[in-house]
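Encoded as structure tokens, the structure appears first; notes follow it.
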């Protein structure tokens with residue numbers, strides 16, 4: 001069974017609350033302990049956008065798992081729990097509503113027990129001895145409130161809780177939208193080899209035989225008469241021609257790299273928010289403000 005030291009350790013480690021389905025519900029918020037025994041009875045879970053909402057979960061039936069607290073309820077069940085202000089203490093009515101919702105049965109209280117039955121005992125790195133006023137101070141405050149209501153001649157009744165003073169507090173949900181950075185795709189450079197045909201024209205030269213005849217003159221007569229008068233003879237000429245010679249050379253032509261640009265877009269967020277409206281019965285419309 002979990003005790004105060006176990007849960008305080010999870011709070012100091014920034015533990016989370018995990019549902020019975022293995023899904024993370026939220027981070028651990030505050031620990032509420034029984035005034036008489038000092039044992040933990042409730043723990044709050046930070047949910048909603050940026051952890052702005054806190055839901056109460058019974059410690060009974062929960063167990064630790066590493067740095068997390070595992071409760072025997074699903075995420076949706078905890079998120080739908082009755083909304084109770086995290087103001088440092090639970091009134092008997094508030095605790096009864098929570099016990100009924102979690103099917104634990106309403107608790108009974110003696111006449112000597114005050115409405116601070118469960119005080120917030122530990123929240124994160126706060127002082128372990130910090131809490132709400134003692135039972136006696138809470139009882140004196142309740143008497144003063146009743147005297148104040150009697151003097152004003154007006155008292156209200158919260159249909160889900162105790163009597164209230166002569167004014168209503170109107171609350172509304174406000175939408176807080178932030179951004180988170182996540183990886184969406186990956187780009188890489190890859191080099192591969194392709195083959196293409198290149199056609200070019202190269203000028204080439206070749207030798208051809210041309211027959212030349214020259215008459216006998218005094219200048220060449222000696223060379224012409226140097227051989228026998230009648231004979232057989234051969235002369236040959238070697239012909240040359242050019243042909244293309246192909247060589248390939250690898251040269252660098254460019255450098256390619258990946259870079260990133262930040263593009264600003266606008267995304268429309270559509271979310272429902274709740275707000276309380278106050279209307280008055282039995283009051284002239286002209287006098288309403």
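Return yes or no: is residue 204 assigned to a loop (DSSP other than H, G, I, E, B) and closer than 30 Å to residue 168 by Cα?
Working: assigned to a loop (DSSP other than H, G, I, E, B): yes; closer than 30 Å to residue 168 by Cα: no.
Against the criterion (assigned to a loop (DSSP other than H, G, I, E, B) and closer than 30 Å to residue 168 by Cα), residue 204 does not qualify.
Within the range 216-242, can you find the residues that are touching a strand residue (DSSP E or B) at 6+ places or on another chain (Cβ under 9 Å), assigned to a loop (DSSP other than H, G, I, E, B) and loosely packed, with under 10 Cβ neighbours inside 10 Å? Don't jump to the end; show me each part of the working.
The first filter runs over the range 216-242 and keeps only residues touching a strand residue (DSSP E or B) at 6+ places or on another chain (Cβ under 9 Å), leaving 239-242.
Pick out the ones that are also assigned to a loop (DSSP other than H, G, I, E, B) and you get 239-240, 242.
Within the range 216-242, 239, 240 meet the criteria.
Quick one: in the range 84-109, which of the residues that are under 22 Å from residue 18 (Cβ atoms) and in a loop (DSSP other than H, G, I, E, B) is modelled with the highest pLDDT?
My answer is 102.
Among the residues of the range 28-57, what is the count of those that are under 29 Å from the mean Cα position of the chain (by Cα) and surrounded by fewer than 18 Cβ atoms within 10 Å (Cβ to Cβ)? Can you show your working first?
Initial filter on the range 28-57 (under 29 Å from the mean Cα position of the chain (by Cα)): 28-31, 42-57.
Checking which are surrounded by fewer than 18 Cβ atoms within 10 Å (Cβ to Cβ) leaves us with 48-53.
Matching residues across the range 28-57 total 6.
Does residue 175 satisfy the criteria of being part of a loop (DSSP other than H, G, I, E, B), touching a residue at least 40 places away in the same chain (Cβ under 8 Å) and over 30 Å from residue 248 (Cα atoms)? Spell out how you get there, then give the answer.
On the way: part of a loop (DSSP other than H, G, I, E, B): yes; touching a residue at least 40 places away in the same chain (Cβ under 8 Å): yes; over 30 Å from residue 248 (Cα atoms): yes.
Against the criterion (part of a loop (DSSP other than H, G, I, E, B), touching a residue at least 40 places away in the same chain (Cβ under 8 Å) and over 30 Å from residue 248 (Cα atoms)), residue 175 qualifies.
The values are calculated or read from the model by the stated rules, or taken from the named source; none is laboratory data. Only a predicted model underlies this, so the values are computations on that prediction, with no experimental measurement involved. So basically every Cβ, Gly included, is an ideal-geometry build from the backbone, and we count neighbours across all protein chains shown.
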